[in-house]
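The values are calculated or read from the model by the stated rules, or taken from the named source; none is laboratory data. Small disclaimer: the values here were computed from a predicted structure and weren't measured. So basically every Cβ, Gly included, is an ideal-geometry build from the backbone, and we count neighbours across all protein chains shown. Areas reflect the complete protein model, heavy atoms only, side chains present, ligands, DNA and RNA absent. Shrake-Rupley method; radii C 1.70, N 1.55, O 1.52, S 1.80 Å.
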Amino acid sequence: MTAEQISALGRTLFAGLATGLGGLLALGPKPTPRAMAGAMGFAAGVMTAVSLTDLLPTALGWYRRAFSPEGAALALVSLLCMGMALAALLERCLPEQTGRGLDERRAGALRSALITGAALVLHNLPEGVLTLFAGAADSALGLRMALAVALHNLPEGLAVALPLYYATGSRRRAVGAAFASGLAEPAGAVLAYALVGGRLRPGFLNGLLVLVAGVMVWVSLAQLVPTALTFGGRRASAAGFGAGVAVMAIGIALLS
């Protein structure tokens, strides 16, 4: 690898480790059920906003240049539905009795942490590839992109760590899971570089972004929001969701 590519990989690693830093936010006192409702709603808002205001528009811009409006719409909707179907399958593969021996709230939190962690690994893989390749092509662009990715990885790390901490009582496991999901970012970048070097097709990457957006939307609305409602009711969950959407919208607007 060249010096520029090594530097780009370092920025990609920094962006991925921000997920673990977000997990460190879970090291405070064990959250109350109401705080869990707000936090789970916040995580759902973050993931929904990232999907609908960042991943999808990015891919749609490429599809509209590559296809007719009808073809772009068909490609986007098809891949989005495939992503949601993949997330639903992932959810069904996880046994309903996850967290046996725990009370209902803790078992639900554990299940949400596992599904969210898997979704974020899928999300971080293509994101790491994009960060690495952008940085290798343009150092300034790569730095801006790494910073933007790192900032939105912080709440994603919290989304994994907080419910896991609530369910298990283990800070070490919670933070470790957040760091592990974040390391998918540089791992995906290195794997892509090793397999295809600089020949990765834009169509493949954009398709992967839409697929991941579908996964994240499903996880947010089918897993995180219902789990939040079991903790603290509608108001705390809705307030957290709205805060997550607002924070990510501001971040995307400032750093795009």
Problem set entry | Shape of segment 129-248, Cα gyration tensor, a/c cut at 1.5 | prolate
Problem set entry | Whole-number accessible area per residue in Å² for segment 125-191, which is evaluated in the context of all protein chains at 1.4 Å | 37
Problem set entry | Magnitude of the charge dipole, the chain, Cβ model with Lys/Arg +1 and Asp/Glu -1, debye to 20 | 520
Exercise. Rounded to the nearest 0.05, what FRET efficiency is calculated for ARG235 and THR53 with R0 set to 25 Å and r the Cβ-Cβ distance?
Worked result: 0.55
Problem set entry | Estimated distance in nm for a label pair at LEU27 and ARG92, the labels positioned 7 Å out from Cα along Cα-to-Cβ | 4.1
Seminar exercise, completed: Rounded to whole angstrom, the alpha-carbon centroid of segment 181-253 lies from that of segment 19-82 at a distance of 4
Exercise. Of the heavy-atom accessible surface of the chain (probe 1.4 angstrom), what whole percent is carbon and sulfur?
Worked result: 69
Exercise. Given [x] 37, 19, 16; [y] 30, 21, 16; [z] 41, 26, 16, which label gives semi-axes √(5λ) of the Cα gyration tensor in Å as computed from the coordinates?
Worked result: [y]
